[in-house]
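Enquirer: The structure is given below, and queries will be raised subsequently.
The values are calculated or read from the model by the stated rules, or taken from the named source; none is laboratory data. Please read all numbers here as calculations on a predicted model, not as lab measurements. Heavy atoms of the whole protein, side chains included, go into the accessibility calculation; ligands, DNA and RNA do not. Shrake-Rupley method; radii C 1.70, N 1.55, O 1.52, S 1.80 Å.
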Amino acid sequence: MIDPNNLCGTAEAAAVLGVVKQRIHTFRKRDDFPKPVVILAATPIWDKDALLAFKASWKPTTQEQTTTQE
């Protein structure tokens, strides 16, 4: 069962990954990016643990490095 305190919308997902919110839209096109647990009208919702697992395996390209948050 998913812990409701462990859920992330787009803004929270971006913060977890250290990127701008717009980058999440690009990530969603990747096969290795976690699928949302649910898609609400306002935002997809991800499990934070799945995002952290993606972050641990993600190797940013040069372009992706230029759009991360500082």
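Enquirer: Return the sequence-ordered ³J(HN,Hα) values of the range 45-53 in whole Hz as given by the Karplus equation 6.51 cos²θ - 1.76 cosθ + 1.60 applied to θ = phi - 60°, using x for Gly and Pro.
Expert: Per residue, the Karplus-derived 3J(HN,Hα) values read 10, 10, 7, 4, 4, 5, 5, 5, 5 Hz.
Enquirer: Using only alpha carbon pairs under 8 Å that are at least six residues apart, calculate the relative contact order of the range 18-64 and give it in whole percent.
Expert: Once divided by the residue count of the range 18-64, the mean separation gives 24 percent.
Enquirer: Probe radius 1.4 Å, ligands and nucleic acids ignored: give me the carbon and sulfur share of the accessible area of the chain as a rounded percent.
Expert: 54
Enquirer: Okay, next question. Accessible area per residue of the range 10-56 at 1.4 Å probe, in Å²?
Expert: 59
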